[in-house]
Amino acid sequence: QVHVAESGGGLVQTGGSLRLSCAASGSILSTNVMGWYRQAPGKEREFVATITSGGITNYSDSVKGRFTISRDNAQNTVYLQMNSLKPEDTAVYYCYCNVDVYRLRQRRSDNYWGQGTQVTVSS
């Protein structure tokens with residue numbers, strides 16, 4: 001069983017900063033890609049940023065230059081530093097991780113999502 005938990009959301013003014021954290025725990029053999037997605041009211045969930053176990057990052061154009069993703073492999077934790085926040089960044093932010101687990105006598109790669117954390121940017 002793998003558990004993914006986010007923290008760090010909240011209310012901030014335009015131009016402010018927030019830092020999100022997400023920790024994966026449980027029977028994990030290795031943590032592969034970790035990342036963040038977000039979903040604004042009335043919109044579909046969209047990609048924000050990902051980072052591989054080797055530190056290769058990928059960002060959506062809408063956050064590039066303002067958000068920074070990082071991770072602590074030893075702690076199976078991923079962070080999202082969000083600077084210069086805009087009202088359009090308001091959304092529920094979901095942590096994503098792809099991990100290797102031992103299931104049904106084999107090593108398998110599974111995807112897990114957190115419950116989400118609300119980020120609200122006021123104008």
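The values are calculated or read from the model by the stated rules, or taken from the named source; none is laboratory data. Everything numeric in this text was worked out from a predicted model, so none of it was measured. So basically every Cβ, Gly included, is an ideal-geometry build from the backbone, and we count neighbours across all protein chains shown. Please note that ligands, DNA and RNA were not included when accessible areas were found on the heavy atoms of the full protein model with its side chains. Shrake-Rupley method; radii C 1.70, N 1.55, O 1.52, S 1.80 Å.
Structure notes:
- When Tyr102 is tested against (1) touching a residue at least 60 places away in the same chain (Cβ under 8 Å); (2) aromatic (Phe, Trp, Tyr); (3) open to solvent by less than 60 Å² (accessible area, probe 1.4 Å), exactly one condition is not met: (3).
- Figure legend. Inter-residue proximity from segment 106-122: first residues of a type outside the set (Asp, Glu), second residues outside any strand (DSSP E or B) and open to solvent by less than 70 Å² (accessible area, probe 1.4 Å), beta-carbon distance below 6 Å, spacing 6+ or different chains. Indicated pairs: Thr117/Gly9; Gln118/Gly9; Val119/Gly9; Thr120/Thr90; Val121/Leu85; Val121/Pro87; Val121/Asp89; Val121/Thr90.
- Any hit, segment 90-99, residues being modelled with pLDDT under 95, out of contact with any Phe, Trp or Tyr (no Cβ under 7 Å at 6 or more places or on another chain) and closer than 19 Å to Ala5 by Cβ: no
- Screening Val121, Val63, Val33 for residues that are of a type in the set (Val, Ile, Thr) and within 18 Å of Val4 (Cα to Cα) leaves exactly one candidate, Val33.
- A Cβ distance below 9 Å, combined with a sequence gap of six or more or placement on separate chains, defines the contacts here; from segment 19-42, residues that are at pLDDT 95 or above and basic (Lys, Arg) reach residues that are open to solvent by less than 20 Å² (accessible area, probe 1.4 Å) and part of a strand (DSSP E or B) in the pairs Arg19/Leu80; Arg19/Met82; Arg38/Val48; Arg38/Ala91; Arg38/Tyr93; Arg38/Val119.
- Only residues that are modelled with pLDDT of 95 or more and on the phi > 0 side of the Ramachandran plot were counted in segment 100-123, giving 1.
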